[in-house]
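The values are calculated or read from the model by the stated rules, or taken from the named source; none is laboratory data. Since the model is a prediction, treat every value here as computed from it, not as a measurement. Don't worry about glycine lacking a Cβ; one is built from the backbone with ideal geometry, like all the others, and counts go over all protein chains shown.
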């Protein structure tokens, strides 16, 4: 069966699941957070408004994306667990194709969510009248790193969801990932790199200096770790195949 | 007659325990093959192996004359419909939407949906969400899904589970009629009476071993008749015929003669009448399938 046909069938399964609400809720949450957190208090804040946005978003993503991905994958996969459909589907389509379709379906919403950061930052800047430039390369770096880190976490969540008859386990894993990712920011750099959920923050490219005496925060751009991101993408690809192999080994 | 399914020494082990043991299955084309056995005998595992859902530990499977492998599995299964254990469904979608997904995956035109819904008498419920269906309705939907695309072979695992008596009768009739439409059916059940009412051929499995395989007619030949007597004094009649050297057997509050000729029956009735014992009823009884199973396996099973 052609992949496109399988994807159409997958799309048909998602009718009435209102999956678009998930990225919409995530984007709305990020927008409200940005409005609250990026509100300028002095003129210097306006001059580095966009820069501070790029400091905020990787941290924010570390906190909310693990939970978002757990819920998203749960919504995409739990219908097969509830309806006991594996033994039917595996007589109609290739197991790998089934797994790929599920992954691509979830990935579509991840891409939407990752791209959603761009309009949020732009709209926030317009509302508050940020005076610095919204640099396209920074938008690209943020969206791309968010997306690529999510591809790996998606694989982990998907294998957990497909193997668990009780969907609480993958949701708890997502929640735990969120906490770990938050705490990993206080770990030594080498230890923080062991926490996969924390890579949203690790790929952050805007740093902050806070002067205690003047109480002024200064944001500055660091070189983006392109090689690190490329390596992460390769690892994500390997993890994808490993997770798929584990998920498909299960007899129905 | 050609066999649509043939297995050769098909074996499946779980934790060094053989749940299916060197099974040689022969399902004739155009038959309703009843796959019979108690719960846990290995029926579902066998069906799953036939569908390639479970990898056999040993042996070979041929479907439509082709050896089943991971490479050609889906190609062969294109002409197959199946319902294994509980029905598969998407609860948040309507029955019709569920079937549309199967149509898409099977590459079958959606106009076939109304045909299969009519066959299982589900037209009125097709727009209702499946999560609100009763188990019987879900079971019918599962059968409808299996029938989409008019497969040459249908594998049904306990298809009447959860159905009400009227539903059971409908499904039985449906299964019985399928060979007329060129569909061979392999139906499993733990109920002997059920298989007796719809199958043309039977395979009996117990603890993974195939203990009988032939046509239903041959199975019935195993059921030798017995002649049950009801008289005005059963105990006296039993003693009389026993003393006369007849092979009478006592059962509950009456007695019977096992597989005897008409002359012996006439003689037995005559002796009773001559002894002044009134003969109320002489009935020929076929052995039940439960009895046949008992004689094949040598033990009682809960069927």
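Got a sec? Which of B:47, B:51, B:36 is under 24 Å from residue B:197 (Cβ atoms), within 11 Å of chain A (Cβ to nearest Cβ) and touching a strand residue (DSSP E or B) at 6+ places or on another chain (Cβ under 7 Å)? Write out each step before concluding.
On the way: B:51 fails: under 24 Å from residue B:197 (Cβ atoms); B:36 fails: within 11 Å of chain A (Cβ to nearest Cβ).
The conditions single out B:47.
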Query - Single match in B:95, B:142, B:136 (criterion: farther than 30 Å from residue B:57 by Cβ and either buried (at least 23 other Cβ atoms within 10 Å of the Cβ) or within 18 Å of the chain's Cα centre (by Cα) (or both)) - result: B:95
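Taking helices (runs of 4 or more DSSP H) that fall entirely within the range B:138-246, which contain at least 3 residues that are closer than 30 Å to residue B:269 by Cβ?
Details: elements: B:165-177, B:192-198, B:216-221, B:234-243.
Once the helices (runs of 4 or more DSSP H) in the range B:138-246 are filtered for at least 3 residues that are closer than 30 Å to residue B:269 by Cβ, what remains is B:234-243.
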Requested in this report: Please tell me if residue B:127 is over 15 Å from residue A:91 (Cα atoms), in a loop (DSSP other than H, G, I, E, B) and in the same structural domain as residue B:46 (by TED's automatic domain parsing).
Outcome: yes
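In this structure, is residue A:58 touching a strand residue (DSSP E or B) at 6+ places or on another chain (Cβ under 9 Å) and either farther than 30 Å from residue A:229 by Cα or away from chain B (no Cβ under 14 Å) (or both)?
Details: touching a strand residue (DSSP E or B) at 6+ places or on another chain (Cβ under 9 Å): yes; either farther than 30 Å from residue A:229 by Cα or away from chain B (no Cβ under 14 Å) (or both): yes.
For residue A:58, the condition - touching a strand residue (DSSP E or B) at 6+ places or on another chain (Cβ under 9 Å) and either farther than 30 Å from residue A:229 by Cα or away from chain B (no Cβ under 14 Å) (or both) - is met.
How many residues are more than 14 Å from every other protein chain (Cβ to nearest Cβ) and under 23 Å from residue A:16 (Cβ atoms) when one looks only at the range B:97-115? Talk me through it step by step, then tell me what you get.
From the range B:97-115, those more than 14 Å from every other protein chain (Cβ to nearest Cβ) are B:111-112, B:114-115; that's our starting set.
When the remaining residues are screened for being under 23 Å from residue A:16 (Cβ atoms), the result is B:114.
Of the residues in that region, 1 qualify.
List the helices (runs of 4 or more DSSP H) inside the range A:61-180, counting only whole elements, that have at least 3 residues being away from chain B (no Cβ under 14 Å), out of contact with any strand residue (DSSP E or B) (no Cβ under 9 Å at 6 or more places or on another chain) and buried (at least 24 other Cβ atoms within 10 Å of the Cβ). First the steps, then the outcome.
On the way: elements: A:86-89, A:95-128, A:136-163.
The qualifying helices (runs of 4 or more DSSP H) are A:95-128, A:136-163.
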Requested in this report: Filter the range B:252-281 down to residues that are touching a strand residue (DSSP E or B) at 6+ places or on another chain (Cβ under 8 Å) and under 17 Å from residue B:225 (Cβ atoms), then give me how many there are.
Outcome: 12
**Report entry** Some residue of the range B:162-182 being touching a residue at least 60 places away in the same chain (Cβ under 8 Å) and over 16 Å from the mean Cα position of the chain (by Cα)
**Finding:** yes
Query raised in the report: Out of (1) within 22 Å of the chain's Cα centre (by Cα); (2) surrounded by 18 or more Cβ atoms within 10 Å (Cβ to Cβ), what's the single condition that is false for residue B:76?
Result: (1)
Requested in this report: Select from the range B:217-252 the residues that are closer than 20 Å to residue B:32 by Cα and buried (at least 20 other Cβ atoms within 10 Å of the Cβ) and list them in ascending order.
Outcome: B:219
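For every residue, the table says whether it meets (1) at positive phi; (2) in a helix (DSSP H, G or I); (3) out of contact with any helix residue (DSSP H, G or I) (no Cβ under 7 Å at 6 or more places or on another chain).
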position: B:55; (1), (2), (3): no, no, yes
position: B:61; (1), (2), (3): no, no, no
position: B:92; (1), (2), (3): no, no, no
position: B:117; (1), (2), (3): no, yes, no
Query raised in the report: Does residue A:13 count as within 14 Å of chain B (Cβ to nearest Cβ) and touching a helix residue (DSSP H, G or I) at 6+ places or on another chain (Cβ under 8 Å)?
Result: yes
Requested in this report: Please enumerate the residues belonging to the range A:193-249 that are within 14 Å of chain B (Cβ to nearest Cβ) and touching a helix residue (DSSP H, G or I) at 6+ places or on another chain (Cβ under 6 Å).
Outcome: A:248
Query raised in the report: How many residues does the range A:181-222 hold that are within 23 Å of residue A:71 (Cβ to Cβ) and not in a helix (DSSP H, G or I)?
Result: 3
Requested in this report: Just need a number here: residues in the range B:55-83 that are at the interface with another protein chain (Cβ under 10 Å from one of its Cβ atoms) and farther than 11 Å from residue A:91 by Cβ.
Outcome: 2
